[in-house]
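Please read the structure below before turning to the comments.
The values are calculated or read from the model by the stated rules, or taken from the named source; none is laboratory data. Everything numeric here is computed off the predicted structure, so don't read it as measured data. With ideal geometry, Cβ positions are generated from the backbone for all residues, glycine too; neighbour counts draw on all protein chains shown. Calculation scope for accessible area: heavy atoms of the full protein, side chains included, ligands and nucleic acids excluded. Shrake-Rupley method; radii C 1.70, N 1.55, O 1.52, S 1.80 Å.
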Amino acid sequence: MGSGMSGPTFNIDNGYLEGLVRGFKNGILTKNDYLNLVQCETLEDLKVHLQSTDYGTFLANEPGPLAVSVIDDKLRNKLVLEFQHLRNHSVEPLSTFLDYITYSYMIDNIVLLITGTLHQRSISELAPKCHPLGKFEQMEAIGAISTPAELYNTIIVDTPLAAFFLDCIFVQDLDEMNIEIIRNTLYKNYLEDFHAFCSGLGGITADVMCEILAFEADRRAIIITINSFGTELTKDDRAKLFPRCGRLHPEGLAALARAVDYDQVRAVADYYAEYKVLFEGAGNNPGDKTLEDKLFEHEVKLNVNSFLQQFHFGIFYSYVKLKEQEVRNVIWISECVAQRHRTKIDNYIPIY
Amino acid sequence: SEEMSRIQMFLQHDSAYACVAEFGELGLVEFSDLNENVNEFQRKYINEVRRCDEMERKLRYIEKECRKALNAVPPDNGENPDTPMPSEMFNLELTFEKLENELKEVNSNKETLMKNKLELTELKHILRKTQTFFDEAHLTLGSTTGSESSSTSLLSAEAPVGDQHAPKFGFIAGVIVRERVPSFERMLWRACRGNVFLRQTEIETPLEDPVTGDEVNKCVFIIFFQGEQLKTKVRKICEGYKATMYPCPDTQAERREMSMGVMTRIEDIQTVLSQTEEHQTRILSNSARNIRLWFRKVKKIKAVYHTLNLCNIQKAIIAEGWCPSADIDRVHLAARRGTERSGTDIPAIINKMDTRKIPPTYHKTNKFTHGYQAIVDAYGIADYLEINPAPFTLITFPFLFAVMFGDCGHGTIMFLFALWMVWNEKKIAAEKSTNEIWMILFNGRYIILLMGLFSIYTGLLYNDCFSKSLNIFGSSWSLADTYTTMDITNNTLATTATIQLNPKYTFDTGSPYPLGIDPIWNIAQNQIVFLNSYKMKLSVILGVTQMIFGVLLSFSNHTYFKRPLNVISEFVPQLLFLCAIMGYLVVMIFTKWLIFDSEDSAIAPSLLITLIDMFLFKTHILPLFSGQQVVETLLLIVAVVCVPWMLLMKPLTLWMRNKNLLKTNQGLTVRNVRTVIHSREERVNIVDEDELGVGTSDDVDGDIKGDLDEEVEDAPFEMSEVMILSSIHTIEYCLSCISHTASYLRLWALSLAHAELSEVLWNMVLRIGLVSSTYAGSVITFMVFVGWAGATIIILLIMEGLSAFLHTLRLHWVEFQSKFYHGDGRAFTPFSFSVILDSSDD
């Protein structure tokens, strides 16, 4: 990529924002914070402790008693505000990069709305559940469509997701299975496009982002495979959903496409040192960590590592992902606290 | 620093609250956290803190409503209420609860009313606008009856869509936010494949959003379509775009009727609404008067409970903290007041504790010294009882600044500006400006005042006023004698541009100019050369003086902390080293000034070369005084000896002592205590010289045994470490003697730059008008003056002032304070309501 992306000239356009994000990152809850949160007896305790962190007074104007959903909203709101601040101050190519981050939320929102309408929920009930980062103007008109082609022609065509959707046009009608297919196809195309965009940027951004996105792609491929066992998804269809920008591509993906049970997936992962470790540590017995958690942990590690380098966009992506994980953690702990179900309260994924 | 005492307070549960509240009013006690391992939310009084949080939330809500409804900031009468007792807290809570509920009810009523009103207004607009849509159709097609045919004909006339044989057309009318119209239109077109017809028109007056109160621009639209399927689809899209749909009657008569109904209903609602608003204003204006007071009360309660959370709570509440020893009586008094207030008989017990903890540093300041203390504190808070450079800074800071800024004109402006701030300080302080830059200036008003005053003084010495000289006493140079001796006639004066004046003949030796530089230098060509030599020497003299003073201060530190070893191994060689080289240079400067006059100034030796020759043991061609060679050699030998002295003496002594101590301690467990007491003197030295124990000398002997064991175990003697430290200090000190002296030359450099800049400004700007001999010159001067005055203020006063300030700061922090100041202390932060309230009011 051209000037402005490397070393000393990076700061002309992006120095302020990079500094800002590094500052934000220092506010991420530490292990000590989690240890304190876990000891909370009530949500009020949780609020008191969060007040002493970077979240500050974010809950100060909420009348009691607190509900988990309120905490969730407020936590998310803080991230959204920060992100929007970054986005508003960014210039090309960072602004496109940041937009790419929002696309994944748009995909989630579309799928959420379609599934909701499929179950006869009204849009006004579903809309507040959508992630604010993935909101777009045409979103709420989704209630008016009934086929994928219509979905494309009326709604998606005006959004940046249009290019990702072309593979789904052939899908006949909207049932649960097809929605999953649409989601995964969108996601696959999105990841591949994002991957290509990041390699196009070159430099450290490409180094850092391609590693993270490659892992994301592989994770999706593995999860899709495992989840497809026992469903009517054919092997060919399944193979079409694998994002082809990860390390598993092409041999690993081919092997995954043939897999019929968990052990075979595991056998595929054994060829890849970093994934082998994840599968070895995972188990379904009580006390073990699930594969999903292991994958999350690995993702967190990659994202934390991206802060070790300077002058690249990866930290923006990583910050959003780390913060997402943090929100998940806090919500998990608050749920456990609220439901007085403390046995699994330690199943959060600490970031530091 | 003030002397501090560690105090332990035993407070009764009943009276603890009142006592702590009194301490808060007093603001002289710093509480230490005795529950460091306990989480915030597991502390005893967290529920009370939470209740305060809740009260604050309600207050914020009320305040927000006040701002919204009354459009005014609640007045602040600066009242300082007593800390409410816990019983009063319930009353406050009740009041706030009641107010909040009342407000919420009123608000929700108001919101519903507003919503109704909005809906009706929108409906009104729809009826009016759709009327025009229909009217247009009528105009083109003539009047028709019946809605069905009306809409049919309209559509067939303007938008030939749909099937002519199925005249069943329906329409939906509604209102949508203006920004969303284009996207809405496109979506309709796409979703219905062009089978609908949309007309829209803007509502001119913006409508008020009932929830947020913002004004929004909206559009009326009407969509015509055919068939039920399309209708559901259109409805869904409308919902998706958050458009509000309204029933609109088909016939014109019905529409008119409805429109009339709507108008009357809007009027009704308006009356109710204004009544509600009146009620709301009444409630709010009552609470607006008290809201600041309430905020303060709640803040105080919260602060008290936060402080109580720091205490150790058992049968009694045990608090520990620091307070200035001199004020311990006031603390006792406050505790007694608190006990009386709470109405209990058992008094609070306050004990002075003996402790090895290092006390915080507390400097009492007033508004005059505060700024200077802040300058010192910005570098580092003084160690406990360490000598505080602020009192010296009080004078040296403005003085060094003025050496660089010397110009009595600029100084006067600065002085007057600061004087204005000081004069109006109460008024300005009351305004509580949020402008950061202005507040920095204002807080430093006494510094600026002195800087201005000193600049006037140095300006007079430099004889510099806006780059011109003041000829108050008449120059001491005169041409009277010159006519004869130098063969100068009136003719020569008229024809030659410059004349060289020989001081031998032209300087009136009887009386030199009484104050500062003779004004004649202002027009001399060699003015700069002359002033450079003077200012450079001045800088060195001032610099070396300040540095020697700094080293002397370190002596008072060493003696105060009873570190005789430091005096011998650090202070003495440091002082000798500095005096032998730089001190000697200063002596030479004075000597040169004294012994050379205009007769023999041409043969005066260069001081720089002399100093270099001194290091090279060269013989001087022209000694300044007899025996100079011997003196110089001696000084040099002293300086060289000082280096290993500084480097080795302290580590070696410490090493020897440590060895001896270990020897005596071995196998002496029984007699340990006595030995230790005997060796107390040594021990104190070891501890101090490791820079560990500051307060050791105050320790009682009973503590010693435990302490000593601790010391010996905790800090094993590391020769290499001490050696490295010592060598770093030595190298740093020796190099800094040279480099810091050179650094003081900035006094000269900045002074030169300032003078030159103001001269350039005068010559390039103001002179344009002054040189003209016609009347036009006065006009030009008038206009040019603005530019000159502006540039003087911006460049010379603000920019130059800032840079001189910065350099002065550096000279104090680095060159002066490095000689004696540690600055590793911790500031005393007493629990004080006034601080808490001030910081939260912003």
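Worth a mention:
- Gyration tensor (alpha-carbon) shape descriptor, region A:227-339, a/c threshold 1.5: oblate
- FRET efficiency for A:Val304 and B:Glu93, using Cβ-Cβ distance with R0 set to 56 Å, rounded to 0.05: 0.80
- Average projection area in nm² (convex hull over Cα atoms of region B:318-448, one quarter of hull surface): 12.2 nm²
- Extreme residue, positive dipole direction of region A:42-129, given options A:Gly116, A:Pro93, A:Phe83 (C-beta unit charges): A:Gly116
- The ellipsoid that matches the Cα gyration tensor of region B:1-82 has semi-axes, each √(5λ) in whole angstrom, of 33, 20, 12, with the longest given first.
- For the segment A:134-141, counting C-beta atoms of other chains within 10 Å of every residue's C-beta and taking the mean gives 5.
- Equivalent-ellipsoid semi-axes for the protein assembly as shown (Cα gyration tensor, √(5λ), whole Å, largest first): 73, 45, 37.
- Cβ neighbours within 10 Å from other chains - mean over A:118-126: 1
- Dividing the helix sum by the residues of chain A, where each DSSP H run of 4 or more adds -39500 (n - 2.57), gives a mean residue ellipticity at 222 nm of -20000 deg cm²/dmol.
- If you plug the beta carbon distance of B:Asp135 and B:Arg186 into 1/(1 + (r/R0)^6) with R0 = 25 Å, you get a FRET efficiency near 0.35.
- Calculated on C-alpha atoms, the gyration radius of region B:794-842 divided by its Kirkwood radius gives an Rg/Rh of 1.23.
- Split the accessible area of region A:101-233 by element, probe 1.4 Å, and carbon with sulfur accounts for 52%.
- For region B:180-236 and region A:254-323, distance of Cα centres in Å: 47 Å
- Qualifying GluC sites (Glu not before Pro) in region B:1-53, where qualification requires a DSSP coil assignment and no more than 12 other C-beta atoms within 10 Å, comprise B:Glu3, B:Glu36.
- Semi-axes of the equivalent ellipsoid for region A:81-172, computed as √(5λ) from the eigenvalues of its C-alpha gyration tensor and ordered from largest down, come to 25, 17, 9 Å.
- Distance between the modelled labels on B:Thr496 and B:Ser274, one decimal in nanometres: 9.6 nm (7 Å Cα→Cβ projection).
- Taking every alpha-carbon pair under 8 Å whose residues sit at least 6 apart, chain A reaches a relative contact order of 21 percent.
- Principal axis analysis of the Cα atoms in chain B yields extents of 131, 103, 52 Å, listed in decreasing size.
- Contact order relative to length of chain B, as percent, for alpha carbon pairs under 8 angstrom and 6 or more apart: 20 percent
- Potential lengthening between B:Trp655 and B:Met783 on full extension [0.36 nm per residue; Cα-Cα distance subtracted]: 38.4 nm
- Hydrodynamic analysis of region B:88-134 uses the Kirkwood radius over alpha carbon pairs. Inserted into Stokes-Einstein at 4 °C and 1.567 mPa s, it gives a translational diffusion coefficient of 97 µm²/s.
- Within region B:21-57, none of the chymotrypsin sites (Phe, Trp or Tyr not before Pro) combine a DSSP coil assignment with at most 13 other C-beta atoms in a 10 angstrom radius.
- Using R0 = 30 Å, the C-beta based FRET efficiency linking A:Gln120 and A:Glu62 works out to 0.40.
- Theoretical gain in end-to-end length, B:Asn443 to B:Phe717 [0.36 nm per residue, Cα-Cα removed]: 93.9 nm
- Secondary-structure-derived ellipticity at 222 nm for chain B, considering helices only, amounts to -20000 deg cm²/dmol, per-run term -39500 (n - 2.57) for DSSP H runs with n ≥ 4.
- Taken over the C-alpha atoms, chain A has Rg and Dmax values of 20.8, 56 angstrom.
- Shape annotation for region A:14-107: C-alpha extents along the principal axes are 47, 27, 22 Å, from largest to smallest.
- 27 Å Cα-Cα reach of B:Lys562 towards lysines, excluding residues that sit fewer than 8 places from it in its own chain: B:Lys352, B:Lys357, B:Lys364, B:Lys650, B:Lys659, B:Lys663, B:Lys705, B:Lys819
- Extent of region B:243-330 along its three principal axes (Cα atoms, max minus min coordinate, largest first): 91, 28, 24 Å.
- Averaging the sequence gap over all C-alpha pairs within less than 8 Å and six or more residues apart, then dividing by the number of residues, gives region B:289-403 a relative contact order of 14 percent.
- Estimated distance in nm for a label pair at B:Ser839 and A:Thr147, the labels positioned 7 Å out from Cα along Cα-to-Cβ: 6.7 nm
- Lysines with Cα under 19 Å of B:Lys64, excluding same-chain neighbours fewer than 8 positions away: B:Lys98, B:Lys104, B:Lys110, B:Lys297, B:Lys299
- P(r) tail for region A:79-232: Cα pairs beyond 28 Å make up 24% of the total.
- Each label was represented as a point 7 Å from its Cα along the Cα-to-Cβ direction; for B:Met764 and B:Leu662 these points are 7.0 nm apart.
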